[in-house]
Amino acid sequence: MTPDETYSRRGFLGVLALSAVGLAGCTSTSPAIRRIMPAPGASRRPMGAPSDAELAVMYGPVSDGGFLIPAVPYRQIDPRYYRQRVDDPTGEAPGTVVVDTPSRLLYVVEPGGTAMRYGVGIGRDGFSWQGDGIIHWRQTWPRWKPPNEMVERQPQLARYSIANGGMEPGLKNPLGARALYIFQNGEDTLYRLHGNPDWTSIGKAVSSGCVRLLNQDVIDLYTRVPSKAKIVVRQ
């Protein structure tokens, strides 16, 4: 897939259409990547909501892996969903990822009683998953391979099926810039934390089971969450 650094209006509308079909059950292989510009760092920022100047940097355009991720119009997003450090409300051990489904929030618990918080979009009713699991592995710019059950429900996805090799990484890929794969009892739950080309879905229940973040946020999340980290999804 050739990187489209202009990210045209036609391409953006195509992303919105594809994002609406649902995202669960994605198996990925990692392409060769080269970071062009550093992802947002995992440095310890002060507590509280970020300033407008900080938001402009956090959600500005990012060059990553040969792709130019567009800036997010963050002023059009509810400020509660901005990435920010907060007092830890979860009670979980440091290093744990907690998804608060009703609140549409994700936390990475830190030492010292704080957590980094992100706004997320979640799965529609009937497709949600809950419980404890392990982030078994992680991928940068993953391929999207909807499971056969999803293809049966939505035949228009057949071109991206497992048999056909999935959808190539890129700006229009529903998994976005990063994906973290959740396992439970040694088995794939088909539940992922992943990037998102559609910023309007943050804070909403729109996807088929997966937890989606802004691409800028999932890149930051990826730097904070190691493989084999514990994850708790609460309904």
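Computed from the coordinates by the stated procedures, all read-outs in this text should not be read as laboratory data. Nothing here was measured: the structure is a model prediction, and the numbers come from that model. Because the Cβ atoms are built from the backbone with ideal geometry, glycine has one as well, and the counts that use them run over all protein chains shown.
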Compute the signed sum of charges (Lys and Arg +1, Asp and Glu -1) over the other residues within less than 12 Å, Cβ to Cβ, of HIS136.
+2
Which percent, to the nearest 5, of DSSP beta bridges fully inside the stretch 127-235 are antiparallel?
90
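Using a 10 Å cut-off around each Cβ, can you sort ARG192, ARG143 from fewest to most neighbouring Cβ atoms?
Working: ARG192 29, ARG143 21.
So the residues, fewest neighbours to most, are ARG143, ARG192.
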In whole Hz, the Karplus estimates of ³J(HN,Hα) for the stretch 78-86 (6.51, -1.76, 1.60; θ = phi - 60°; x where Gly or Pro) are 4, x, 5, 9, 5, 4, 6, 8, 9
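Given the alpha-carbon gyration tensor of the stretch 97-153, what are the semi-axes of its equivalent ellipsoid in whole angstrom, ordered largest first, with each equal to the square root of 5 times an eigenvalue?
Working: eigenvalues 138, 51, 23 Å².
Result for the stretch 97-153: semi-axes of 26, 16, 11 Å.
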Residues meeting the amide H criterion for VAL206 (H placed from the backbone, H to H distance under 5 Å, 5 or more places apart or on another chain) are ILE122, ARG124
Taking H as built 1.01 Å from N, whose amide H comes closer than 5 Å to the amide H of SER161, not counting residues under 5 places away?
GLY166
Phi-based couplings in Hz for the stretch 165-181 (Karplus 6.51, -1.76, 1.60; Gly and Pro marked x)
x, x, 8, 5, x, x, 5, 8, 5, x, 7, x, 7, 8, 9, 10, 9
If you rank LEU171, LEU106 by fewest surrounding Cβ atoms within 10 Å, what's the result?
LEU171, LEU106
Distant-in-sequence amide H partners of LEU68 (H built 1.01 Å from N, under 5 Å):
ASP4
